[in-house]
There are 2 protein chains.
Amino acid sequence: MNLSHMKQKQWLLASRPEGIPDRTHFDLVEVPVPEWEPGKALVKTLYLGVAPVMLRYMRNETEFESPLPLGSLMPGRGVAQVLRSDCPTLPEGAIVQARLGWQEYALIDASHRPAPFILPSDLPASHGIGAVSLTGITALVGLRDIGLVRATDRILVSGAAGGVGSHVAEIAKILGAGSVTGIAGGPEKCAKLLTSMHYDEAIDYKNEDVDEALNKLFPEGIDLYFDNVGGPLLDNVLGRLRRRARIVICGAISEYLKDKENRHRFINLQNLGRQDAKMEGFFVFDYEAQYPDDIALLAQWVREGQLNPVEDISQGIETLPDALGDLYFGRNTGVRMVHVGDPVQR
Amino acid sequence: MNLSHMKQKQWLLASRPEGIPDRTHFDLVEVPVPEWEPGKALVKTLYLGVAPVMLRYMRNETEFESPLPLGSLMPGRGVAQVLRSDCPTLPEGAIVQARLGWQEYALIDASHRPAPFILPSDLPASHGIGAVSLTGITALVGLRDIGLVRATDRILVSGAAGGVGSHVAEIAKILGAGSVTGIAGGPEKCAKLLTSMHYDEAIDYKNEDVDEALNKLFPEGIDLYFDNVGGPLLDNVLGRLRRRARIVICGAISEYLKDKENRHRFINLQNLGRQDAKMEGFFVFDYEAQYPDDIALLAQWVREGQLNPVEDISQGIETLPDALGDLYFGRNTGVRMVHVGDPVQR
């Protein structure tokens, strides 16, 4: 199969955003679809995901991604159909989760780290962006491997209606947690926390007194805090820890846009020592060795109806910059992703 | 053996210190030596230890100790000789480490938690306050169980010449660490770090530019920080973490004396998330299940000459309040303890 006479769209990095990324930070270009090469797989993009960490790639702030010069293809993982391949781990026709970049077709290498993996064929391909993929694994690793969730834990989750947060209550309950309270912005998101994401309680930080709500819901303190936002709310929680509490730092979206001078100054940090508690950050790429087992577990929970993905999908590769910006505006409910194309009939 | 016709000295809590505890916060009283009771052990105190956490007991700030009303016997663990006992775990003549209180004789109960334990008879009894006791276990648990020390780790230790800190470099090296740098106050302590405590490098925070020294000694950042002081130095280290670094919060002596308004406000905390690092407090009482194994290990290292306890001993039960105060003034080098009495000849 040679598609190199065909054109495809790609998003390139045009400038480094200081604030929330938008279309002006990217260039949409048309280039030929790459030719297949031996040892690789030519794939067609079906869905692409967005994640807060991408802003850090765009600013060259992380060590996970290679440096990203201006003009580079924007990196990102997604779900794709294998069109032509001689890689035994990427058979033709398979639906795979891989590092694709923001483009309609990609020539991928099985040796990329974390390696591409095949999605269970009985589940919708979109789940390969969310529940049955790195988003679900992030929630699972955060709760189980970092949070060491225990049967009686009273858990608080910030950014609860976001991509990772939307899975945390269900997974925490599968793992035996006592109760799970989510914090989100606005009545619609909070309603979703209770109706679609299996949270026990919801706090609307835009319309409620968060202190009062936490006093009421956690009179004895918090056992486990799954944090997606950082900043003043994290400081508040640090002052409410029970003995041997655990804080899982999944993200700190409130802080990514601030320069160092404007970052929050934490007054309650030493309470971590006073309560013999733990606070730990993690990145899901470091847990690659357990992806096959975790994907199998997450897929099984979806099949059993214990894990019910909430997906927030826009149509067309053109919508990618807006999808990324939405994370920072807090506009998404559930896993924000872009539907780029459909599988070819074979 | 009935010693109840004899008098003994005890220190009672007289008032709750706001600043550094001194003699005015205690009353020295004379009371009869308790009568032996079935099911208990009457013991004679040989050594008593002091620890920064005692100030928190005096202020009723912890959940480990039962509340301490004014007029109570000051709690504290020490080394004692069993004079009379029918407890199978506390045989007459044995030298034990136990919760004694600040007194010359005690009637102890094998069911106290953490339980009393017998010291190896071939080692000096004073080691039962330091290396072969909860101080040594604190260093070991902090490095191994909390710090997850790795072979290439570049380690920084604050309060390095203190009771726990004086053991950290030697234990870290036994566990395979790459290099260990200690921070202490004054040239004498720093010389001791290098000559007696097996640190590779020493930083004198009273006479050196700590920033410059850390830049020079940790050009690629810090893998493991064993923290005894908290405050601005902890914040500095948070800004120097390598990926997947670990901060062991053993103590925060710089913060214990401050009211909430004057506590340090941490600017670099979110770097913990950015570097996928961990910060964790712990209390050695939670690790009681492993005391027998850890005591055997520490005793073996002392016998082999790999662990060389540095002890800072004052004479007589009258010196206990000063011994406790010394910790806050930073006057001790090594394990501060008080020699209260000698074993009776049997």
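Distance between Cα centroids, segment B:196-260 to segment A:162-222: provide it in whole Å.
Centre-to-centre distance over Cα atoms comes out at 37 Å.
Of A:LYS278/B:LYS278; A:LYS206/A:LYS260; B:LYS7/B:LYS44, which pairs sit farther than 19 Å apart, going by alpha carbon to alpha carbon?
In this structure, A:LYS206/A:LYS260 lie more than 19 Å apart at Cα.
What does the charge count around A:VAL248 come to, taking other residues whose C-beta lies under 12 Å from its C-beta (Lys +1, Arg +1, Asp -1, Glu -1)?
-2
Quick one: Debye curve from the alpha-carbon atoms of segment A:289-331 only, equal weights, vacuum; give me log10 I(q)/I(0) at q = 0.13, 0.18, 0.19 Å⁻¹ to two decimals.
-0.51, -0.75, -0.77
For segment B:18-41 and segment A:10-28, what is the centre-to-centre distance using only Cα atoms, to the nearest Å?
That distance is 70 Å.
Per residue of B:224-237, count partner chain C-beta atoms within 10 Å of its C-beta, then hand back the mean as an integer.
So the per-residue partner count for this stretch is 1.
Using bins 20 angstrom wide from zero, how does P(r) for the protein assembly as shown break down, in % of all Cα pairs?
All Cα pairs considered, the percentages come to 17, 42, 29, 11, 2, 0.
Which far-off residues, 5 or more places away or on another chain, put their amide H under 5 Å from the one on A:GLY186, with H placed in the peptide plane?
Here A:TYR205, A:LYS206, A:ASN207 satisfy the definition.
Please tell me the relative contact order of chain A in percent, rounded to the nearest whole number, where contacts are Cα pairs under 8 Å and at least six residues apart.
Relative contact order comes out at 18 percent.
Hey, any idea what the orientation-averaged projected area of the convex hull of segment A:56-196's Cα atoms comes to, in nm²?
Over every viewing direction, the Cα hull of segment A:56-196 projects on average to 10.9 nm².
Give me the dipole magnitude in Debye, nearest 20, for segment A:1-136 about the Cα centre, with unit charges on the beta carbon: positive for Lys and Arg, negative for Asp and Glu.
120
Loop only by DSSP, 10 or fewer other Cβ within 10 Å of the Cβ. Give me the GluC sites (Glu not before Pro) in segment B:232-306 that pass, ordered by residue number.
Answer in residue order: B:GLU304.
Using per-residue counts of other Cβ atoms within 10 Å, averaged over each peptide, order B:235-242, A:66-73, A:245-252 from highest down.
Peptide ranking by packing, descending: A:245-252, B:235-242, A:66-73.
Near B:TYR199, within a Cβ-to-Cβ distance under 11 Å, what is the net charge of the other residues, with Lys and Arg +1 and Asp and Glu -1?
0
When the C-alpha atoms of segment A:203-346 are aligned to their principal axes, what extent does each axis show, in angstrom, from largest down?
62, 35, 30 Å, listed from the longest principal axis down.
Could you give the angle, 0 to 90 degrees to the nearest 10, between helix A:165-174's Cα long axis and the longest principal axis of the Cα atoms of chain A?
Roughly 70 degrees, rounded to the nearest 10.
Two-decimal Rg/Rh of segment A:134-284 from alpha-carbon positions, Kirkwood Rh?
Ratio of gyration radius to Kirkwood radius: 0.93.
Roughly how compact is chain B, stated as its Cα Rg over 2.2 N^0.38 Å to two decimals?
Against the empirical 2.2 N^0.38 Å value, I get 1.00 for chain B.
Anyone know which of A:MET279, A:MET197, A:MET58 comes out most mobile in the 10 Å Cα GNM of chain A?
Looking only at A:MET279, A:MET197, A:MET58, the largest GNM fluctuation is found for A:MET279.
Around B:ARG84, what is the net charge, scoring Lys/Arg as +1 and Asp/Glu as -1 over all other residues with Cβ under 13 Å from its Cβ?
Counting the neighbours of B:ARG84, the net charge comes to -1.
Which of A:PRO309, A:PRO292, A:PRO232 ends up with the largest GNM mean-square fluctuation for chain A, with Cα atoms connected below 10 Å?
A:PRO292
Taking amide H positions as placed 1.01 Å from N in the peptide plane, with prolines and chain starts having none, which residues 5 or more places from B:GLN270, or on another chain, fall under 5 Å of its amide H?
Placed amide hydrogens put nothing under 5 Å from B:GLN270.
Over all Cα pairs of segment B:142-209, how is the pair count split among 10 Å bins, expressed in % and running from 0 up to the last occupied bin?
In whole percents, the pair-distance histogram is 24, 55, 20, 1.
Note the distances from A:THR24 to each other copy's matching label point, with points 7 Å along the Cα-to-beta-carbon direction, in nm, sorted shortest first.
Taking the point 7 Å beyond Cα along Cα→Cβ, the inter-copy spacings are 6.4 nm.
Only sites in a loop by DSSP and with at most 14 other Cβ atoms within 10 Å count here; which trypsin sites (Lys or Arg not before Pro) in segment B:38-98 make the cut?
Loop-located and lightly packed - B:ARG59.
Name the residue, out of A:ASN268, A:ASN228, A:ASN332, whose mean-square fluctuation peaks in a Gaussian network model built on chain A with Cα pairs under 10 Å.
Judging by the Gaussian network model, the answer is A:ASN268.
What GluC sites (Glu not before Pro) does segment B:185-246 have in DSSP loop regions with at most 16 other beta carbons within 10 Å?
B:GLU208, B:GLU220
Convex hull over the Cα atoms of segment B:12-86, averaged projected area in nm²?
Averaged projected hull area, Cα only: 5.9 nm².
Since every read-out is calculated from the coordinates, none of them should be taken as a lab result. Model, not experiment: these values are computed from the prediction. Cβ atoms come from the backbone with ideal geometry, glycine included; neighbour counts cover every protein chain shown.
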